[in-house]
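Q: Before I ask anything, let me first share the structure, which is written out below as structure tokens.
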Amino acid sequence: MATATGALAILFWSCLALLTSLSREIPTFEALAITFAIGAVTLFLCFLPRRGVMGIARAFARWPLRAWALAISGIFVYHALYFIAIRLAPAGPVTIINYLWPLAIVILAGVLPGGDSRLGWPQLVGGAIGFGATVLLVGFGGIALGSDALVGYGCALACALVWGLYSVLNNRIGATGSEPIIGVCVAVALLGAIGHFAAGETFVMPDGGAALSLLLLGVGPVGAAFAAWDHATKRGDIAVLGALSYATPPLSMILLVAAGTAEPSWRLALATLLVVAGAALAAMPGGARKLRMRPAA
């Protein structure tokens, strides 16, 4: 059941690129603050009927400090980088580079201490294939290569590494309960507001389309998805979750192309297939698929 919950998060994240691109007129930290505030309200309303205010408060108290620090820093940094990437570079290539994170999960699970995973040839070859997809997109032209775009692609690659690291470490910590993600969303929203003023951003009032995109982002990819992923990475099969994640890049690209946000091209299609193939190969029994979940106390 926990792994199925993670699959729901993956479906929500398939919409992340499209919704973020449709709200790109909103400054980065302003968008962070708005979407995570909506996410916090969404999660509170989801947990309240089942857990009650006192149950939510007890769940907050059970989380160790390191779990709070990991969740807040991981989710804030990932989204700040992602929103910056979407605003600086074309959505299609950014999406493919960002979705190297399933591959990062499998490889980091075999590298970081504290787990039972080991790297084997499937993980190494899969990593090479995923890297090849990035080289195909960025290294041989065919996409925007201005200085802003290159910074965007770099942010997208950093996104993949940050989310892979967060997912594996979250699995190792295994803090009980997902209700504290409400507090994490509140903290990220506050950090976004601080960043908005610190960076000197000009507040932009969202128009109808941007407002709807921010609302959907907050409810789905930012709100419900993170509670689902938190629960799944603690109680589910992390290798199966990595495998299910392979569906996210093609689904994201289909939505972007259908909405006219990304131009269809053979290069983009081939890079998508390489990312999926590399991640699938990396999850083969060579070490990383043997990762066992830490039981939640």
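The values are calculated or read from the model by the stated rules, or taken from the named source; none is laboratory data. Computed from a predicted model, the values in this text were never measured in an experiment. Note that we place each Cβ from the backbone using ideal geometry, even for glycine, and neighbour counts take in every protein chain shown.
Q: Mind checking which pairs have a first residue in the stretch 221-240 that is under 17 Å from Val186 (Cβ atoms) and modelled with pLDDT of 80 or more and a second that is polar (S, T, N, Q) and buried (at least 24 other Cβ atoms within 10 Å of the Cβ), Cβ under 8 Å, 6 or more apart or different chains?
A: As it stands, the answer is Val222/Thr35, since those pairs meet every condition given.
Q: Would you call Gly39 over 19 Å from Ala158 (Cα atoms), part of a helix (DSSP H, G or I), touching a Cys at 6+ places or on another chain (Cβ under 8 Å) and in contact (Cβ under 8 Å) with a residue 12 or more places away in the chain?
A: Answer is yes for this residue.
Q: What is the number of the single condition among (1) surrounded by fewer than 22 Cβ atoms within 10 Å (Cβ to Cβ); (2) in contact with a Pro (Cβ under 6 Å, 6 or more places away or on another chain) that Phe44 does not meet?
A: Against the list (1) surrounded by fewer than 22 Cβ atoms within 10 Å (Cβ to Cβ); (2) in contact with a Pro (Cβ under 6 Å, 6 or more places away or on another chain), Phe44 comes up short only on (2).
Q: Mind checking whether some residue in the stretch 188-199 is under 16 Å from the mean Cα position of the chain (by Cα) and not in a loop (DSSP other than H, G, I, E, B)?
A: Yes, the stretch 188-199 contains a residue that is under 16 Å from the mean Cα position of the chain (by Cα) and not in a loop (DSSP other than H, G, I, E, B).
Q: Under the condition of being of a type in the set (A, V, I, L, M, F, W, C) and more than 17 Å from Leu45 (Cβ to Cβ), which residue from the stretch 200-227 is nearest to the chain's Cα centre (by Cα)?
A: Leu214
Q: So the check is Cβ under 7 Å with 6+ separation or different chains; which pairs have a first residue in the stretch 265-276 that's within 10 Å of Pro249 (Cβ to Cβ) and without any contact (Cβ under 8 Å) to a residue 40 or more places away in the chain and a second one that's of a type in the set (Phe, Trp, Tyr) and assigned to a helix (DSSP H, G or I)?
A: Close Cβ pairs satisfying both conditions: Val276/Tyr246.
Q: Within the stretch 4-16, identify whether any single residue is in a helix (DSSP H, G or I) and over 18 Å from the mean Cα position of the chain (by Cα), and answer yes or no.
A: no
Q: Let me ask you something else. From Leu251, Leu256, which residue is in a helix (DSSP H, G or I), more than 30 Å from Leu124 (Cβ to Cβ) and among the aliphatic types (A, V, I, L, M)?
A: Leu256
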